[in-house]
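K.L.:
Take this structure first; my questions come after.
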Amino acid sequence: MFVSLEGIDGSGKSTQARLLAEALGPDTLLIREPGGTEVAERVRELLADPALEVEPLAELLLFLAARADLTARVIRPALEGDLDIVSDRFADSSVAYQGAARGLGVGEVISLTDSATEGLWPDLTVLLRVDPEVGMERADGADRLESEGLELQRAVAEAYEEIASVASDRVVIVDGEGSVEDVHDRVLEAVRERSAG
Ligand code: ADP
Ligand code: TYD
């Protein structure tokens, strides 16, 4: 099973992805986006550099280059080897940030993302819903996108809600506020419900 965690910056994705992967057991691969291959980790460094300015389309294509490499080299082989995958962000991040918040167009970004992954989407996406102000307080604000502030977070949060309503067969919303343990219980319940059904 391929599970992605999504949400605004500071929603608790990294924390919950790690706990979920531990709970699912040793046949689980934990990955993060952008990252997971040598090239994708370098793209990650490039994108997080606050000193660099980049055009929105170029930014999207960098995320997609990282995702294409990760999908072909890591995700597909792992799924073929019957591993479960827990990914800290995946394609919906591009749809929410670049497609909606940056205004490149949701349909356009979905179609380009689909090409980059050759049609691979997660079996289940857990959207951690937190108030943008809570997310901002939690996040350290160090990377380039986070430092752009609350307005971007609000636009991204709204885009995620739209994605969850359009793709309700794949995306489950989980309340991301409260203690780490309580959120983990909710995430695990959502995953178990999906894998049982
Ligand atoms: P994301 O990957 O979505 O940016 P993180 O998991 O890195 O989020 O969490 C951001 C910050 O918030 C971290 O310092 C983390 O320890 C803290 N954090 C995560 N979950 C919670 C929670 N449920 N309550 C309070 N703080 C949290
Ligand atoms: P990440 O390291 O997951 O940040 P955080 O843990 O704070 O949520 O991601 C870095 C930034 O990259 C984050 O602001 C979201 C952004 N991003 C996109 O804009 N598009 C994408 O396709 C992905 C994967 C991430």
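K.L.:
For segment 88-197, please list each of the helices (runs of 4 or more DSSP H) lying entirely inside it that holds at least 3 residues being over 23 Å from MET1 (Cα atoms) and touching a residue at least 12 places away in the same chain (Cβ under 8 Å).
P.N.:
Passing ranges, in order: 106-116, 132-138, 150-166.
K.L.:
Determine, yes or no, whether ALA100 is more than 16 Å from ligand 1 (Cβ to nearest atom), modelled with pLDDT of 95 or more and in contact with a helix residue (DSSP H, G or I) (Cβ under 8 Å, 6 or more places away or on another chain).
P.N.:
yes
K.L.:
I've got another one for you. Among the residues of segment 1-51, which ones are in a helix (DSSP H, G or I), within 16 Å of ligand 1 (Cβ to nearest atom) and crowded, with 22+ Cβ neighbours inside 10 Å?
P.N.:
LYS13, GLN16, ALA17, LEU20, listed by residue number.
K.L.:
For LEU104, all conditions in the list (1) within 22 Å of ASP69 (Cβ to Cβ); (2) more than 15 Å from ligand 2 (Cβ to nearest atom); (3) crowded, with 18+ Cβ neighbours inside 10 Å hold save one; what is the number of the exception?
P.N.:
Just one mismatch for LEU104, condition (2).
The values are calculated or read from the model by the stated rules, or taken from the named source; none is laboratory data. What you see is a predicted model; the values in this text were computed from it and never measured. Cβ atoms come from the backbone with ideal geometry, glycine included; neighbour counts cover every protein chain shown.
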